[in-house]
Every structure is written in structure tokens, then in C-alpha cells.
Amino acid sequence: MSNSIDHDREHVFAEALAGDRGAHARIFPLKRDVAAFADGLLGILFAQLSDDAAATADDLAARLVLVRRDLGALVAPFSGDEAARPVVAAFADALPDIHARLVLDAEAICAGDPAAESIDEVVAAYPGFLAIAIHRIAHALHDLGVPVLPRLLAEVAHTRTGIDIHPGATIGRSFCIDHGTGIVVGETAVIGDDVKLYQGVTLGALSVAKSAAGTKRHPTIGDRVVIYAGATVLGGETIVGADTVVGGNVFLTSSVPAGSIVYQTSQFRVRRVHDGFEDADFVI
């Protein structure tokens with residue numbers, strides 16, 4: 001009797017799930033297919049990320065045709081095959097610029113990190129470069145009006161690197177991410193040229209109210225700005241002027257002029273253990 005009841009409950013649940021699927025019948029790309037597309041494209045753009053570093057021009061041209069096909073399959077569920085074709089063509093036209101920007105990014109990371117021994121190492125191993133590379137692909141698709149897919153690409157990078165860059169964020173040339181884990185860059189953030197971010201930096205919004213959707217919610221970072229680990233910069237009206245240095249753990253919600261140094265002061269004491277403890281030592 002119990003097995004029959006359990007079966008009936010499962011069938012009712014299955015019917016509810018089927019009904020819900022009917023209400024959301026559009027087939028979304030699977031993240032694994034999106035990840036495969038990103039890996040395939042980056043393997044074409046950079047030999048360091050390819051399983052065939054010695055590929056000829058003919059080989060690469062053939063692979064680019066396959067990339068166009070794969071991208072069309074990812075875009076078509078949202079717009080249909082006919083509407084997907086011009087999007088794919090426009091993205092293909094943008095690839096030389098994407099590649100050129102990524103080369104500058106790799107050079108900036110290599111130049112800005114004393115531990116980096118070569119550009120090859122940066123491209124092959126650095127999570128900051130991978131996050132930037134996928135972002136530039138996602139941002140191009142975002143600018144072409146492709147829904148959902150750019151966000152799925154961003155989540156592939158987020159999963160692999162711990163770096164969360166919304167595909168809508170605008171990032172200039174020679175962008176350097178050092179270490180990178182925990183970086184968050186919001187949708188309407190604007191980052192200038194030659195900017196360097198360290199781990200744990202947040203470029204976020206002052207408010208997460210849904211009513212703020214479609215507005216400039218995230219900060220603007222000027223050229224040649226360095227933002228050190230753990231700093232938080234919030235607000236769509238917040239502008240960090242060019243050539244500014246933002247110190248570690250700074251919490252910034254207002255604009256600062258170009259050429260500034262922003263830092264917080266802290267107090268700490270060092271005592272010897274045999275001097276004993278005070279109540280304040282245990283305040284959390």
C-alpha cells in the first residue's frame with residue numbers, strides 16, 4: 001500500500017514539474033556547452049590554451065568556422081536561426097579586436113606581477129587572464145544584445161577563478177588582475193585603461209533595490225588606477241580619478257580627484273604574551 005501511495009505522490013510531483021517546464025519551454029544552453037565554446041575559442045586565439053599549438057592557418061580557419069556554428073547553436077534558442085546569423089557574423093568581425101585587447105591584458109599582467117616569468121605563463125596559468133578573456137568575449141555578445149548567454153559565460157569564469165565580472169561592465173585596455181580571487185565588478189562599472197585590481201576588490205552598487213535596474217549603479221574607475229586588496233568602491237556616481245591609488249580595505253562611496261592616495265588608518269598594539277591578557281583582547 002505504501003509503495004502505491006509513494007508512486008502516486010511522485011506522479012503528481014512529476015506532473016507539476018512537467019507543467020512548469022511547459023511554462024518555460026525555451027531551451028537554455030547548458031553551462032557545459034557554453035564552457036566548451038569558450039575553451040574552443042580561447043584555444044584558437046592562444047596557442048598556450050590549445051591542444052594543438054602547431055595548428056596551421058588553414059587549421060585555425062576551419063576551427064573558426066566551427067566556432068561560428070557553435071555560437072549560432074547557443075544564440076538560436078533566444079532569437080531563432082535567422083536572427084542568430086547576423087549576431088554570429090558581427091561577433092566574428094569583433095574577434096581580431098578581442099584578441100588584440102587580450103594580448104595587451106596579458107602583457108599588462110606580466111609587466112605588473114614580479115612573479116610572472118613570461119606572457120606564456122600568464123596566458124596558460126593565470127586566473128586573472130582567464131577571467132578577463134572570458135569577460136571580453138561575454139561583453140562583445142552583451143553589446144550585440146544576446147540575452148543570458150553572456151551571463152552564462154561570466155559564470156564559467158566565476159566558477160573557475162572566483163572572479164565575478166558582469167558581462168555588462170566596460171573595461172578599457174591593458175587591464176591587470178593580480179591574484180584575483182573574490183573580485184566583483186558590477187554590471188554598470190566603467191574601468192579605464194591600464195587599471196590594476198588586487199584580490200577581494202568590489203566595484204559594487206550602493207543599493208540592490210530592483211527599482212535601480214537600468215541605472216548607473218556601479219563606479220567609474222579612471223585610467224592608471226590601482227586598487228589594492230579588499231577595497232570596496234560603491235555607487236554609480238562614484239568616480240575614482242585617474243592615477244589614483246586606493247589602499248587595501250578602503251570603503252569608498254564618494255568620488256576622489258585624479259592623483260589621489262586613498263587609505264585608511266588603523267591602530268594595533270604588540271605585547272609580549274607573558275604580560276598577560278586584557279578583556280579587550282577577546283572582543284569580537
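The values are calculated or read from the model by the stated rules, or taken from the named source; none is laboratory data. What you are looking at is a predicted structure, and each value in this text was computed from that prediction instead of being measured. Glycine also receives a Cβ, built like all others from the backbone with ideal geometry; neighbour counts cover every protein chain displayed.
Among the candidates V75, V65, which residue alone is in a helix (DSSP H, G or I) and surrounded by 18 or more Cβ atoms within 10 Å (Cβ to Cβ)?
Numbers: V65 fails: surrounded by 18 or more Cβ atoms within 10 Å (Cβ to Cβ).
Criteria check complete, one pass: V75.
Output the helices (runs of 4 or more DSSP H) that fall wholly within region 99-162 and possess 1 or more residues being within 9 Å of the chain's Cα centre (by Cα) and surrounded by 16 or more Cβ atoms within 10 Å (Cβ to Cβ), or say none.
127-143, 149-161
Only one residue in G182, G236, G230 is at pLDDT 95 or above, in contact with a helix residue (DSSP H, G or I) (Cβ under 9 Å, 6 or more places away or on another chain) and either surrounded by 14 or more Cβ atoms within 10 Å (Cβ to Cβ) or part of a loop (DSSP other than H, G, I, E, B) (or both). Which one? Let's see the steps before the verdict.
Details: G182 fails: in contact with a helix residue (DSSP H, G or I) (Cβ under 9 Å, 6 or more places away or on another chain); G230 fails: in contact with a helix residue (DSSP H, G or I) (Cβ under 9 Å, 6 or more places away or on another chain).
Just a single option satisfies the conditions, and that option is G236.
Scan region 64-84 for residues that are modelled with pLDDT of 95 or more and among the charged types (D, E, K, R) and report the count.
Adding up the residues that qualify gives 3.
Just the residues that are surrounded by 15 or more Cβ atoms within 10 Å (Cβ to Cβ), hydrophobic (A, V, I, L, M, F, W, C) and more than 16 Å from T220 (Cβ to Cβ), please, taken from region 245-259.
Hits for region 245-259 are V245, V250.
G259 - would you say it is in a loop (DSSP other than H, G, I, E, B), under 17 Å from the mean Cα position of the chain (by Cα), farther than 25 Å from P147 by Cβ and outside the structural domain of D97 (by TED's automatic domain parsing)?
Criteria not met by G259.
Does F37 qualify as being at pLDDT 95 or above, of a type outside the set (G, A, S), touching an Asp or Glu at 6+ places or on another chain (Cβ under 8 Å) and crowded, with 16+ Cβ neighbours inside 10 Å?
It is true that F37 is at pLDDT 95 or above, of a type outside the set (G, A, S), touching an Asp or Glu at 6+ places or on another chain (Cβ under 8 Å) and crowded, with 16+ Cβ neighbours inside 10 Å.
Would you mind telling me which numbered condition in (1) without any contact (Cβ under 8 Å) to a residue 24 or more places away in the chain; (2) surrounded by 17 or more Cβ atoms within 10 Å (Cβ to Cβ) V208 fails?
Just one mismatch for V208, condition (2).
Any chance region 23-38 includes a residue that's within 17 Å of I137 (Cβ to Cβ), touching a Pro at 6+ places or on another chain (Cβ under 8 Å), in contact (Cβ under 8 Å) with a residue 60 or more places away in the chain and outside any helix (DSSP H, G or I)?
The answer is yes; a qualifying residue exists.
Test D223 against the criterion of being outside the structural domain of L130 (by TED's automatic domain parsing), modelled with pLDDT of 95 or more, over 17 Å from the mean Cα position of the chain (by Cα) and on the phi > 0 side of the Ramachandran plot, and give yes or no.
Values: outside the structural domain of L130 (by TED's automatic domain parsing): yes; modelled with pLDDT of 95 or more: yes; over 17 Å from the mean Cα position of the chain (by Cα): yes; on the phi > 0 side of the Ramachandran plot: no.
Spelling it out, it is not the case that D223 is outside the structural domain of L130 (by TED's automatic domain parsing), modelled with pLDDT of 95 or more, over 17 Å from the mean Cα position of the chain (by Cα) and on the phi > 0 side of the Ramachandran plot.
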